[in-house]
Amino acid sequence: MQLILGTAQFGLDYGISNQTGRVSPGEVTNILAEASRLDIRLLDTAPAYGPSEEVVGALSAREGDFQIVGKTLAITDEKIGPQQLDDFREALDQTMAHFGGGPLYGILIHHGMDALKKGGGALLEILADYRRGGHVQRIGISVDRVEELDDLLGHIDFEIVQVPLNILNQKLITGGYVSRLEARNVEIHARSLFLQGLVFLKPEQLPDSLSEAAGPLERIQSMSRETGLDICTLAIGYVERQPGIDYGVVGVTTTVELIDIHRAWRQYQDDPAMSGLDFSSLAISDPVVTTPSLWAGRS
């Protein structure tokens, strides 16, 4: 598994454990320079991340030889007609303009289930046109919940999937999805490796709506004490040890965080203490707890 630098924090106040808010342009410059030094070559961004595309587009060429994984405009309508397709193309053109016309490493339908809406097949056709035009190398989807792949696999063709995977949300592995994706030669980009920072919280810091995470978080902290491995290393290590995961997307607010995540990623590869660990007791079944987009709606 290689690392991708996520850029949501460059445009939004993002993450349950984020104490500093949106990253300043000066710190973005520093983070990108450090990512280049650490040989992290892919950046993940989206129109939904506020001005992230504009910020990254302006700085990435100057700070390193990066490739971009972009996403499409989210479609809130239940049906996709001419107006939605025009908006979709306009947002894609804006993304391309931010990054010099491409070619981008990949473009993903930000909400993969949009492709299954009435008229949604046209979305992938549009992306295929951009690929044929040399603007993008690969097209794919991003899913909010792993189970959405049950509807998407076999119904649409894609080359990349971005999907949640972490020590609390292990459904990609336990549900057998990796082998199904590999059989279709789909490149797997795991995201939410720290569940928006939830894995770093102490149980007493949880809102009542996420109280089911208290027990697993206590077990993570106990595992950290027993092994001498910090939580960042345990979280990265769980994903790193899974066969078939091509990339892990990580977001940061400071260069120090990026350095620490990269250290944890390297430490896992070299540390024998990781090899015998059993992470199965950390898994959470409640889909709301493992799906940050649903947190605001839980009472």
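What follows draws every value from the coordinates through simple rules; no lab data is involved. Keep in mind it's a predicted model, so treat the numbers as computed, not measured. Cβ placement follows ideal geometry from the backbone for every residue including glycine, while neighbour counts extend to all protein chains displayed.
Here the calculated FRET efficiency for LEU85 and GLN205, from their Cβ-Cβ distance with R0 = 30 Å, stands at 0.10, rounded to the nearest 0.05.
Label-to-label distance, THR76 versus ASP246, with points set 7 angstrom from Cα along the beta-carbon direction: 3.3 nm.
Averaging Cα coordinates gives a centre for region 110-179 and one for region 208-245; these two points are 27 Å apart. Relative to the current alpha-carbon distance between ALA33 and GLU54, full extension at 0.36 nm per residue lengthens the span by 5.9 nm.
Taking the Cβ-Cβ separation of SER222 and ASP93 as r and a Förster radius of 45 Å, what is the calculated FRET efficiency to the nearest 0.05? Don't jump to the answer; show the numbers that get you there.
Values: r = 51 Å, r/R0 = 1.14.
The computed FRET efficiency comes out at 0.30.
The length gained on full extension between SER293 and ASP278, counted as 0.36 nm times the residue separation minus their Cα-Cα distance, comes to 2.6 nm. Among TYR268, TYR105, the ranking by other beta carbons within 10 Å of each residue's beta carbon, starting with the fewest, stands as TYR105, TYR268.
Which order results if ASP246, ASP39 are arranged by neighbouring Cβ count within 10 Å, fewest first? The partial results should precede the final answer.
Values: ASP246 16, ASP39 11.
With the sparsest Cβ surroundings first, the list reads ASP39, ASP246.
For TRP265, TRP295, what ranking results if the residue with the fewest other Cβ atoms within 10 Å of its Cβ goes first? Don't skip to the end; give the middle numbers.
Numbers: TRP265 23, TRP295 15.
Neighbour counts put them in this order, fewest first: TRP295, TRP265.
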